[in-house]
1. With respect to the cross-link table entries LYS128/LYS562; LYS64/LYS234; LYS397/LYS461, which display a Cα-Cα separation exceeding 30 Å?
2. Please name whichever of PRO599, GLY572, ILE284 sits farthest to the positive end of the charge dipole of the chain, dipole taken about the Cα centre and charges placed at Cβ: Lys and Arg +1, Asp and Glu -1.
3. Once R0 is set to 30 Å, what does the formula 1/(1 + (r/R0)^6) return for the Cβ-Cβ distance between LYS468 and SER424, expressed as a FRET efficiency to the nearest 0.05?
4. Taking the highest mean first, how do the peptides 369-379, 123-133 order by number of other beta carbon atoms within 10 angstrom per residue?
5. Between GLU508 and GLU348, what length in nm is gained on full extension when 0.36 nm per residue of separation is reduced by their alpha carbon distance?
6. Which entries in the list LYS390/LYS411; LYS31/LYS346; LYS201/LYS237; LYS386/LYS447; LYS447/LYS500 go over 19 Å, if you measure between the two C-alpha atoms of each?
7. If you average the alpha carbon positions of region 65-113 and of region 587-642, how far apart do those two centres end up, in angstrom?
8. Of the beta bridges DSSP finds with both residues in the chain, what % are antiparallel, to the nearest 5?
Amino acid sequence: MVNRFYVLGICLCLLQSCVSSLSINDQKIEKLLSQMTIDEKIGQMCQINGFSGQIPDKIKEEIKAGNVGSILNEVDVKTVNEIQKTAIEESRLGIPLLIGRDVVHGFKTIFPIPLGQAATWNPEIVKKGAGIAAQEASLAGVNWTFAPMIDIARDSRWGRIAESFGEDPYLVSKMAVASTEGFQGTNGSLFSNGKIAACAKHFAGYGAAEGGRDYNTTLIPEGELRDVYFKSFKAAKDAGIRTFMTGFNDLNGVPASGNQFLFRKVLREEWQFDGMVVSDWASIHELISHGFSSDEKDAAKKALIAGVDMEMASSCYKNHIKELLDEGLINIDLVDDAVRNILRIKIELGLFEHPYVDENGQGEIGEKDIEKAALEAAEQSIVLLKNKNKLLPLSTKINSVAVIGPMAHEKYEQLGTWSFDADSLLSITPLEGIRNLLGNAKVNFAKGLKYTRDKNSDGFKQAIKVAKSSDVVVVCVGEEAILSGEAHCRARLDLPGIQKELIQEISETGKPVVLIVMAGRALSIGDVYENADAVLYAWHPGTMGGTALANILFGKVSPSGKLPVTMPKSVGQIPMHYNHKNSGRPVDPNNWSSIDKIPVKAYQTSLGNTSHYMDEGFEPLYPFGFGLSYTDFEYSDLRIETPVIAGTAELKVSVLLSNKGKCTAEEVVQVYIRDLVGDVTRPVRELKAFDRVKLKAGEAKRVSFTIPASELSFHNQQMMNVVEPGKFMLWIGGNSNADLGAEFAVK
């Protein structure tokens, strides 16, 4: 008979060996986990909302008891220190708290909305902005942001498109990486001083909400999920992002917060993610509303089994996990794994060593380097859509400028959605920016309308008077901040209120009109387009928006922004995105049925039975990637150095870019491809590379790209990620309609 003490000794040695093989962080996690009660473990899995600087006694007692793992929406630094002190010094195990906040496009200093940042096509701008936002937020005690939002967004009716980086998986992936690195740091500086944990949201498919209505269902085939909607999240994961958030949406019948396929199979098993998953606000409780769970207990069970580590705001976990364990409906291993993931983030953030914030370290908000970064971001985000007879740039020697419109002098509204920590007094409006540049004497101002939804035309008379007495008119229109963002979806995409009528009245004065649109989405401005000589799309440009617009209006900077979404002529064209499928009857541009061409009483017409709308045609108002400049860029001499590549090789291409105009400017050079035949049908074009290039007047430069063959892959009918042999087309140019192309092949 084997000596039982010998066996016990062997087991202890094996256990010690396993523990010693763990990383230092994992050893800390296992030590803490071994000391925790069930209630303390459940407490780590619970996040509660903040309390506006006043900590209720009941909450203090909960923190002392170890029943809270995270607080969100508390940004008073003294309060944050007080609750951290309670957790560290008065709870049994001294585990610090995660302090979460939606730091989306700035904290005190506001950068352009993410959709505007995507219009820069400049990942370094996005990285810098996220870094500054992290620095400002960390000074308030925030150590975790619920950003970036990297949902693919193809529908401008959806309010949260403002919070996205647009419609293209390649562009969004690049911005996802940049934002992650900005918030968290890179190259071993993860969570160093002034950095905070980032959160990839919302996994997955939330941007495809049916009808553009927030919280709505999404139906996305697995191949499209993997080829379009997963790509940005995988890029963020590979960049080291440490937390993921579930979506509010029901994905193919299974709500995201209870979706094992998303979080167990894809995120954990396939991608080997070892960070933390948090629900969106009360989205576990909402499993009941979806009709996926019968009650809170069932919701808690399904969310935990799906892989949601922490519950935000609601209390299904707090109220029911212990009961579920007692009844054997869940395994303690599920709870332990969730707690491990949460503790890992707290250790990586250094919260055990440095839980407190220096209350005297907040410094000056709006310092010159921060202002410069916000200004540069705003300048590069602004898209020039129209410039008839080269009206822009205006001369600084102009006698007078009329500045008119409900968005001309609204410090708060130009900040956009998710800017509740901003100091709006720091904002420089278009009126202020133009006055700062020209001097007060040259600028005449009239609002015309009190706000964008105003339907009272009493202010038109003064606006017309101001326009008539000026050499040129700058009309600032759009939508207020409240009209975009979460739950702020729109069925119509035209300018709200009677802004259209205001533009019409100003146009009839005969004065040159520059239209500036500030909005949280791509509005359908086709009905006002003809009433303006020049159109600048400025999104919600943030703190330095007014200075950026003035610099562009008067030629200190040439506009270089490019559309990150397709801009439809009307809402009826939606869904509309450049990377669509060809269909069996693609449009022949020379033969299609316009509603004006159809004969009266005609039963049938031969004017092109193809895929289009009779009344709006097949083209958008502006294509994805579009944006004009103050100079003329010419693309020529496209070279494909590797006309035939193997499935594991690299595609090398180049083009000669020439500045044929009279000013220094930047151009975003874009590369698109099309796989002509596939096991499943492929999009007509897909963005595969881009580069921002600055050229002086008369200068030319060869711009080169190296594209790995893996960028040509897609998921076939068997859900295998493959690069298929065959012929491909490639185009290089300044937007998704680029016509300079050539063919290459994969063998």
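Readers should treat all values here as calculations from the given coordinates under stated rules, not as data from a laboratory. The model shown is predicted, which means the values in this text are computed figures rather than measured ones. Ideal geometry is used to build each Cβ from the backbone, glycine not excepted, and the neighbour counts take in all protein chains shown.
1. Values: LYS128/LYS562 19 Å; LYS64/LYS234 38 Å; LYS397/LYS461 27 Å.
Listed pairs above 30 Å: LYS64/LYS234.
2. In the chain, that residue is PRO599.
3. Numbers: r = 32 Å, r/R0 = 1.08.
The formula returns an efficiency of 0.40 here.
4. Values: 369-379: 21.7, 123-133: 23.5.
Most protected by this proxy first, the peptides run 123-133, 369-379.
5. On the way: separation 160, 0.36 × 160 = 57.60 nm, distance 6.22 nm.
Separation in residues times 0.36 nm, less the Cα-Cα distance, equals 51.4 nm.
6. Numbers: LYS390/LYS411 30 Å; LYS31/LYS346 14 Å; LYS201/LYS237 11 Å; LYS386/LYS447 23 Å; LYS447/LYS500 14 Å.
As for pairs spanning more than 19 Å Cα to Cα, those are LYS390/LYS411; LYS386/LYS447.
7. So the two Cα centres are separated by 52 Å.
8. Details: 49 of 89 bridges.
Roughly 55 percent of the DSSP beta bridges within the chain come out antiparallel.
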